[in-house]
Amino acid sequence: MSACDDVSMPTPGTPLPAALIPDCTKPEAHKAAYRSAKSADTIFVCIARQGSRWKVELDAFSSTGPTIPEQAAAVLHSAVEVLVSGGTVTQANVSPDYISIWEIDTEQKAREIAAAFHAAMHGLRQLYIAVPVPRRRA
């Protein structure tokens, strides 16, 4: 059985290990995995083949948790910059609620990156819940 056959997302606050990241190359698999993440109220994560390479997608809009503050999202930006400058990936879009990373050479590397960013987003969200960042006054 592949990770795509069982697209259930973990309980909220629990990141997926690399082996369980769903392969959402097929649109119906993407829809099913996203629905599962929404129903579990957790951050959506998947990998997808694009030609001969792979893409990673994370979407926190699938859950009702707080938005990760920009200060914390800077950690995600820094990690992506290292991946791009090192040639591991060619492009990425990073925001506090959405990450897309593509042109990854292998499925295994895509799974590794997806699991790491999924854990990071969960961890940053949990940290923000425990230690809220004060809002700046205008």
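The values are calculated or read from the model by the stated rules, or taken from the named source; none is laboratory data. Note that the structure is predicted; figures quoted are calculated from it, not measured. For neighbour counting, all protein chains shown are included, and Cβ atoms are generated from backbone atoms with ideal geometry for every residue, glycine included. Just the protein is used for accessible areas: all its heavy atoms, side chains included, with ligands, DNA and RNA removed. Shrake-Rupley method; radii C 1.70, N 1.55, O 1.52, S 1.80 Å.
Brief remarks on what is shown
- HN-Hα J in Hz across the stretch 21-27 - Karplus 6.51, -1.76, 1.60, θ = phi - 60°, x for Gly and Pro: 5, x, 8, 10, 4, 7, x
- Gyration tensor verdict on the stretch 97-138 (Cα atoms; rounded if a/c is under 1.5, prolate if a/b is larger than b/c, oblate otherwise): oblate
- The stretch 55-126 shape via C-alpha gyration tensor axes, a/c threshold 1.5: prolate
- Protection proxy ranking, highest mean first, for peptides 112-124, 18-30, 72-84: 112-124, 18-30, 72-84, where packing is the per-residue count of other beta-carbon atoms within 10 Å, averaged.
- Other-chain or far-sequence residues with amide H under 5 Å of residue 89's (modelled H): 84
- Cα gyration tensor category, rounded, prolate or oblate, for the stretch 20-94 with a/c compared to 1.5: oblate
- Surface composition of the chain: carbon plus sulfur atoms contribute 56% of the solvent-accessible area (1.4 Å probe, protein chains only, all chains present).
- In plain terms, the chain from residue 35 to residue 64 could stretch by 9.1 nm, reckoned as 0.36 nm per residue minus the Cα-Cα distance.
- Derived scalar couplings ³J(HN,Hα) [the stretch 76-88; Karplus, 6.51 cos²θ - 1.76 cosθ + 1.60; whole Hz; x for Gly, Pro]: 5, 4, 4, 5, 5, 4, 5, 5, 5, 5, x, x, 5
- Size of the chain from its Cα atoms: along the principal axes, largest to smallest, the extents are 48, 36, 22 Å.
- For residue 98, the amide hydrogen comes within under 5 Å of the amide hydrogens of 60, counting only partners 5 or more places away or on other chains and with H modelled in the peptide plane.
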